[in-house]
Amino acid sequence: MGAIGDRVWLDVNGDGLQDCVQDPLSPWGAVCEPGVDGVNVTLLNGDGVVLTTTTTANGGYFSFTNLAAGTYVVSFTLPAAYAFTFLDISGNSQDGLDSDASSLSGATNPIVLAAGATRVDVDAGLLAPPNLIASKSSVPNTGSPVRVGDAITYTVWFTNVAETVALNVPVTDTAPDGTMYVPDSAAPALVSGPSPLTWVFAQVQPGVPYSVTFTVIVTGVPGTGTILNVAFVGNSPVTETNETVHVFVPTAIQLASLTAIRGVDLAGDPIVNVNWVVVGESNTLGYRVLRGAGSDRASASVISTGIIAAFGDGGTYAWVDRAAPTGTTNYWIEEIGLDGGVLGAYGPAGVAPLVPRPNRAFLPNIQ
């Protein structure tokens, strides 16, 4: 009498083969991909009639014995949430190491068993259900204010924490409302896009971090007043990332120029004239003037008294600094919104150190 059997195993790396890694600490000299116990295996005859059923045990092994010569089919019952690995990846060159179960039905091709023959190379490889964790970060950080023309770079991070490789994992994202995708900014390159942006990873190995990144430019006012973005990883199931939020701050003015020029007043005292020209305004209450010795606005302080009222539709503005230092000096203007908050800062406009004027000396004419 003949026999048919072998093993159901977990295809950890998703290559369709039972792999072993040499390990000097192992008493067997190698560590192989684990077997899966508790899988129902059914033996049918060539006409599809069920003959008997068994369950894998002791490392995923099973066997059907006392079989007469004939044609048989072995059918594996797929455990919940698992999938079958590649069918016959070796092309029958490594029977006993590859998987013989159809990815659709779980059944093998017909097995012709001669009298007294033993087939111990009938196997099924399983892929564990994908378990993807994902998160999202951005530059600037979530919660930061952004204005028209600002760039936001998003990065989606994900890791497969399942036991086996995840195959054909999609990552989907979109350029959020109020922004426009920057062409060719995606890394790695997109599979499709830009609406939505889609990447597909053929294999996501267990425990290995993966990421995608792309950049958008803020183009206008989003419908919600904030720029919201979330990404999705995988398909069965779909893993949703955290949401990134950027507060849209309207850029109310269109600044045409900002200058600072040294001069003197009617009394001959040194002054600096700060002038700026605004093409258009929206929701602008007025302006403040800041002064600092360095080029970093953080070190500057407000020197104008109160708020210089805005015209409402743009125009030419001027403010005179009568206490300007004699050294190198920089000036900025801050735009104040109707709510009293700072909508934007512009500058610097710098002036060189004051050069003292020579004095004329008048000598008496003695005769």
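The values are calculated or read from the model by the stated rules, or taken from the named source; none is laboratory data. In this text, all values refer to a predicted model and were calculated from it rather than measured experimentally. Counting neighbours? That spans all protein chains shown, and the Cβs are built from the backbone with ideal geometry, glycine included.
Structure values in brief
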{"read-out": "Conditions (1) part of a strand (DSSP E or B); (2) over 30 Å from D177 (Cβ atoms): number failed by G59", "value": "(1)"}
{"read-out": "Residue match in segment 240-247 (condition: surrounded by fewer than 16 Cβ atoms within 10 Å (Cβ to Cβ), in the same structural domain as V165 (by TED's automatic domain parsing), among the hydroxyl-bearing types (S, T, Y) and touching a residue at least 24 places away in the same chain (Cβ under 8 Å))", "value": "no"}
{"read-out": "So L228, is it surrounded by fewer than 17 Cβ atoms within 10 Å (Cβ to Cβ) and assigned by TED's automatic domain parsing to the domain that holds N141", "value": "yes"}
{"read-out": "Test: residue in segment 143-154 that is of a type outside the set (D, E, K, R), under 30 Å from G35 (Cα atoms) and modelled with pLDDT of 95 or more", "value": "no"}
{"read-out": "Segment 70-85, residues that are at pLDDT below 90 and at negative phi", "value": "A80, Y82, A83"}
{"read-out": "Residue list for segment 191-216, restricted to those being assigned to a loop (DSSP other than H, G, I, E, B) and in contact (Cβ under 8 Å) with a residue 24 or more places away in the chain", "value": "P196, Q205, G207, V208"}
{"read-out": "Residue ID - modelled with the highest pLDDT, chosen from residues in segment 341-359 that are of a type in the set (A, V, I, L, M, F, W, C) and in a loop (DSSP other than H, G, I, E, B)", "value": "A352"}
{"read-out": "Members of segment 125-177 that are touching a Leu at 6+ places or on another chain (Cβ under 9 Å) and of a type in the set (V, I, T)", "value": "T159, V161, T164, V165, V169, V171, T172, T174"}
{"read-out": "Any hit, segment 291-304, residues being assigned to a loop (DSSP other than H, G, I, E, B), modelled with pLDDT of 90 or more, buried (at least 16 other Cβ atoms within 10 Å of the Cβ) and not aliphatic (A, V, I, L, M)", "value": "yes"}
